[in-house]
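Here's the structure, in structure tokens; my notes come after.
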Amino acid sequence: MTEQETTNEELRCIGCGAVIQSEDPKEPGYTPQAAIKKGLENNELYCQRCFRLRHYNEIAPVSLTDDDFLQLLNHIRDANALIVYVVDIFDFNGSLIPGLHRFVGDNPVLLVGNKEDLLPRSLRRSRLRDWIRQQANLAGIRPIDTVLVSAKKNHQIEDLLNEIEKYRHHRDVYVVGVTNVGKSTLINQIIKQRTGVQDLITTSRFPGTTLDKIEIPLDDGHELVDTPGIIHQHQMAHVLPATALKLISPQKEIKPRTYQLSDGQTIFLGGIGRFDYLKGPKVGVVAYFDNNLNLHRTKLSNADHFYQKHLGELLTPPTLEDKEQIPPLERFEFSTSEKTDLVFEGLGWITVPKGIAIAGWAPKGVRVLTRRAMI
């Protein structure tokens, strides 16, 4: 092995944390030799994947599996650390980590609800904090505190830093979350607040951007560690092409849309979801989705034919070019006993009253579920 190759093994991408290598373009950390030299000269060494993501918004697949991601996190169980658990408020159920207790051990968990700027301002934040805490408890998580932030808008970041200092007691801090919750954006804001360095870590709306843990030194010799996003296979981000994903990921405050429905009516969520009102009196329902997602109401009796005829045109996303990449829609039926959110993971939700029968459709592999209404 040459001296250059040995040096390469010791280098890491500052965007995703992967070990830099120049042998296999399909493996994490690949960087051409010329780019390695230039990156070292500029003190900004990124792998080719992160470079393309930062400059061209292109995402390249890598060969890491779910087991690889979980294996990288297993050592947290044995650490003495504060766990900062980041969830996406807009996709709360899709943000939950199955079996979180298995790798945090006895370490305390600080729950951070990110993207609070996407929810209507009329929703009281104290009520939202209570709702998130209650939902976390139902999932078996007992956080020591709950903080709401917007990493993108830099809202409440200083409050979060104060909470971290309050609870970490001179320990390391591990930031964990599933892919696509804005974890690396949040850490970039923390770095910026403390050092003035901007956009150090690679971020995108694509899943799986951080490939290995990234360690940021704290003042007392301990570290804040950004861990790789855990792959949650039921997220919409894992079944949609990138072009469609851009059209359903809210970037600003969502505007609720209200419909008065009689039973036997359907609302299509573009071409990637569907809500059927099966049985009950005339009711009002409220839809919470990206403002640009086209919602279309029609008769339930004609819905299947309507979908086949208009998918990729009136019902977008997907586009005509992308519609073959969308898995077939799968149906889930529910009856409500209280005011309920029908959740399409990674897409949004529809709030419905108690005492009715409904069905939700989503691409095969994406979960549709019910929960106590958030709003």
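Quick notes on this structure:
- In region 240-276, the qualifying residues are those that are more than 21 Å from Leu314 (Cα to Cα) and touching a Gly at 6+ places or on another chain (Cβ under 7 Å), and the one that is surrounded by the fewest Cβ atoms within 10 Å (Cβ to Cβ) is Gln260.
- Taking the numbered list (1) surrounded by fewer than 18 Cβ atoms within 10 Å (Cβ to Cβ); (2) touching a residue at least 40 places away in the same chain (Cβ under 8 Å); (3) touching a Lys or Arg at 6+ places or on another chain (Cβ under 9 Å) in turn, Glu330 passes all entries but (2).
- Enumeration of residues in region 304-317 that are crowded, with 16+ Cβ neighbours inside 10 Å, free of Cβ contacts under 8 Å to residues at least 60 places away in the same chain and either out of contact with any Lys or Arg (no Cβ under 7 Å at 6 or more places or on another chain) or on the phi > 0 side of the Ramachandran plot (or both): Phe306, Tyr307, Gly312, Leu315
- Residues that are assigned to a helix (DSSP H, G or I) and surrounded by 14 or more Cβ atoms within 10 Å (Cβ to Cβ), drawn from region 131-156: Trp131, Ile132, Arg133, Gln135, Ala136
- Counted residues, region 235-263 - those being assigned to a loop (DSSP other than H, G, I, E, B) and either over 29 Å from Gln325 (Cβ atoms) or under 16 Å from the mean Cα position of the chain (by Cα) (or both): 12
- Region 228-257, residues that are at pLDDT below 75 and under 24 Å from Ile191 (Cβ atoms): Pro228, Gly229, Ile230
- Filter result for Gly360 (assigned to a loop (DSSP other than H, G, I, E, B) and in contact (Cβ under 8 Å) with a residue 24 or more places away in the chain): no
- Filtered residues of region 100-115 (kept if of a type in the set (Asp, Glu) and in contact (Cβ under 8 Å) with a residue 40 or more places away in the chain): none
The values are calculated or read from the model by the stated rules, or taken from the named source; none is laboratory data. Computed from a predicted model, the values in this text were never measured in an experiment. Reconstructed Cβ throughout: ideal geometry from the backbone, glycine too, with neighbour counts over all protein chains shown.
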